[in-house]
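Participant: Below: one structure in structure tokens.
The values are calculated or read from the model by the stated rules, or taken from the named source; none is laboratory data. None of these values were measured; they are calculated from a predicted model. Note that we place each Cβ from the backbone using ideal geometry, even for glycine, and neighbour counts take in every protein chain shown.
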Amino acid sequence: MKITRDLYQGSLTLLTDYYQFTMAYAYWKSGKAEQEAVFSLYFRKNPFQSGFTVAAGLDYVIDYCRNFSFQEPDLRYLLEMRNPDGSPSFETAFIDYLREMEFRCDIDAVEEGEVVFPNMPLVRVKGPLIQCQLLETPLLNLINFQTLIATKAARIVLAAKGDPVLEFGLRRAQGIDGALAASRAAYIGGCSSTSNVMAGKLFGIPVAGTHAHSWIMSFETELEAFEAYAESFPDNTVLLVDTYDTLNGVRNAIQVAEKLKANGKSLKGIRIDSGDLAYFSNKAREMLEKAGLNAVKIVASNDLDEHIITSLKLQEASIDVWGVGTKLVTAYDQPALGAVYKMSAMKDSKGDWQPKIKVSQQSIKINVPGFHNVKRFTLNGKAIGDMIYLEDTASKETVTIIDPIDPTRRKRIQTDQVEAKVLLVPIFRKGQKVYHRPDLHAVRQNTFDRLAQFDKTHKRLTNPHIYPVGLEETLYEVRTNLVLKTKPTEIAD
Ligand SMILES: Nc1ncnc2c1ncn2[C@@H]1O[C@H](COP(=O)(O)OP(=O)(O)OP(=O)(O)O)[C@@H](O)[C@H]1O
Ligand SMILES: O=P(O)(O)OC[C@H]1O[C@H](OP(=O)(O)OP(=O)(O)O)[C@H](O)[C@@H]1O
Ligand SMILES: O=C(O)c1cccnc1
């Protein structure tokens, strides 16, 4: 897929924060640009107070990196940039250096649809410092939003307990790209279809839809509108019943169903978009059953989210299909995932790797140093803990994983009695793509399969049981020693 190129027709290399260029220039001026570094992309808290997060956005990252080059119009723009005093921001020789730049990074990442947790690397970039740095903003932009929406979708799909969830968000999404990326991520999270026709064309997501109130309002009566719609779509008649009076709408839909039956066809569904969805869906179900129309599906929409769906399920509402828009594609209750991208190691002038740490007053903001990876341990197919570890640490029979924020939380794992899977997968080697991307349907299936590995207590929508993710002991020690070495030991007055 060349989604970003198809959509934006050119290089996206300038779609970054200006400070990436100020640093790039300064790295180049001080002779550090080609020095090797490692950066890690991770988040610190699951969104929505969720017990898990679903990774998405890697496909866009791959496109971005494959198109990573400076085109002449971009170079001209950079050359014309000025400091506040009117002097050129960048020397011509730097612009020439950018012109020749070829993407040379190694990238490893968790696959889309993978279930991920705070502090573990989602993407690891190793390569020339300048290239690692320039990737910071676009990688965060691409991973943060899609991961957020895939997670929201997964929660909604879990609440729907196997019923199809139709994504209806385009009209309320954050602009064109927000909508397209959200439709893609919502599908990864488990939605069944999108109403966004362009997302269908670009990504191959199934497209589905009913009709709006305007269709009914364009006729003298609701019954005429239903009949005309059934004539237009005899094989896919879904009627919106709540324009004037929901139960009367159901009666009219039943009349149309009988006509369809006489022609060897059937009414596929009705949609309720207002009022008490439990009451109206149960009444509608009773009326449909009385008319022998047990197979007619009831679609509900109207500001739904995982919590309202859960409540409607508890109320035993007779809803078979859920249409969800605004609260899904805008991640209404948490509009951003806070993933960050931090340097974790750099080669010194002798060519030796040095782990790097950012020390903060807030311990949650201290990153994981070194060339690290993450392993998931499973027992009889169930995930029991994730270990963040330094790649050059020899494997041991027993490991202890230590929560980086609360080191009293620890878990011992007998590695010879469990299965282990390394979660970072090679994506690029020396700038060349080595990863074969699965199609979007396989990614969506991946989400279901991976989520199935987790105990339901971690998937509970409120107050979930915290899944154990920790640092392997050696890494924990490296990190603690680095913090102690870097942090002033005296408490400031
Ligand atoms: N039985 C129910 N239990 C919990 N929430 C419900 C139930 N029925 C509907 N809701 C939710 O309550 C909210 C009702 O919102 P609102 O009052 O705006 O709807 P409405 O009265 O149908 O009006 P509108 O025509 O503006 O959609 C929606 O978010 C809807 O999903
Ligand atoms: O509620 P959402 O989850 O965003 O789902 C999409 C909404 O979009 C349509 O409404 P419309 O734009 O016609 O407005 P209205 O039904 O709120 O009047 C549809 O009837 C849903 O109610
Ligand atoms: O197809 C539908 O029913 C639909 C599409 C977008 C928004 N609301 C409803």
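Participant: Of all residues in segment 304-329, which are within 21 Å of the chain's Cα centre (by Cα) and within 14 Å of ligand 3 (Cβ to nearest atom)?
Facilitator: Leu304, Trp322, Gly323, Val324, Gly325, Thr326, Lys327, Leu328, Val329
Participant: Which of the following residues is at pLDDT below 95 and either touching a helix residue (DSSP H, G or I) at 6+ places or on another chain (Cβ under 6 Å) or not hydroxyl-bearing (Ser, Thr, Tyr) (or both): Leu482, Leu461, Leu475?
Facilitator: Selected residue: Leu482, the only one of Leu482, Leu461, Leu475 that is at pLDDT below 95 and either touching a helix residue (DSSP H, G or I) at 6+ places or on another chain (Cβ under 6 Å) or not hydroxyl-bearing (Ser, Thr, Tyr) (or both).
Participant: Out of the residues in segment 265-295 meeting the condition of being more than 10 Å from ligand 1 (Cβ to nearest atom) and touching a residue at least 40 places away in the same chain (Cβ under 8 Å), tell me which one is nearest to Glu222 (Cα to Cα).
Facilitator: Among them, the one singled out is Arg271.
Participant: Right, another one. Quickly run through segment 453-462 and pick out the residues that are surrounded by fewer than 13 Cβ atoms within 10 Å (Cβ to Cβ) and in contact (Cβ under 8 Å) with a residue 24 or more places away in the chain.
Facilitator: Result: Thr457, Thr462.
Participant: While we're on this one: So, Thr210, is that one more than 27 Å from Ala336 (Cβ to Cβ), in contact with a strand residue (DSSP E or B) (Cβ under 6 Å, 6 or more places away or on another chain) and buried (at least 20 other Cβ atoms within 10 Å of the Cβ) or not?
Facilitator: Values: more than 27 Å from Ala336 (Cβ to Cβ): yes; in contact with a strand residue (DSSP E or B) (Cβ under 6 Å, 6 or more places away or on another chain): yes; buried (at least 20 other Cβ atoms within 10 Å of the Cβ): yes.
It is true that Thr210 is more than 27 Å from Ala336 (Cβ to Cβ), in contact with a strand residue (DSSP E or B) (Cβ under 6 Å, 6 or more places away or on another chain) and buried (at least 20 other Cβ atoms within 10 Å of the Cβ).
Participant: Where residues in segment 160-178 are within 11 Å of ligand 2 (Cβ to nearest atom) and surrounded by fewer than 18 Cβ atoms within 10 Å (Cβ to Cβ), which of them is nearest to the chain's Cα centre (by Cα)? Quick ask: steps written out before the conclusion?
Facilitator: If we filter segment 160-178 for residues that are within 11 Å of ligand 2 (Cβ to nearest atom), which is where we start, we get 165-173.
Filter again for surrounded by fewer than 18 Cβ atoms within 10 Å (Cβ to Cβ), leaving 171-172.
Values: Arg171: 20, Arg172: 18 Å.
The qualifying residue nearest to the chain's Cα centre (by Cα) is Arg172.
Participant: Among the candidates Thr221, Thr210, which residue alone is polar (S, T, N, Q) and within 12 Å of ligand 3 (Cβ to nearest atom)?
Facilitator: Thr210
Participant: Within segment 431-476, which residues are farther than 21 Å from Ala160 by Cα and either in a loop (DSSP other than H, G, I, E, B) or touching a His at 6+ places or on another chain (Cβ under 8 Å) (or both)?
Facilitator: Listed by number, the residues that qualify are Gly431, Val434, Tyr435, His436, Arg437, Pro438, Asp439, Ile466, Tyr467, Pro468, Leu475.
Participant: OK, next. Need pairs with beta-carbon distance below 6 Å; first residue free of Cβ contacts under 8 Å to residues at least 60 places away in the same chain and within segment 296-320, second within 13 Å of ligand 2 (Cβ to nearest atom) and among the hydroxyl-bearing types (Ser, Thr, Tyr); sequence gap 6+ or separate chains.
Facilitator: Asn302/Ser274
Participant: So Arg171 fits all but one of (1) touching a helix residue (DSSP H, G or I) at 6+ places or on another chain (Cβ under 6 Å); (2) assigned to a helix (DSSP H, G or I); (3) within 16 Å of ligand 3 (Cβ to nearest atom); what number is the exception?
Facilitator: (1)
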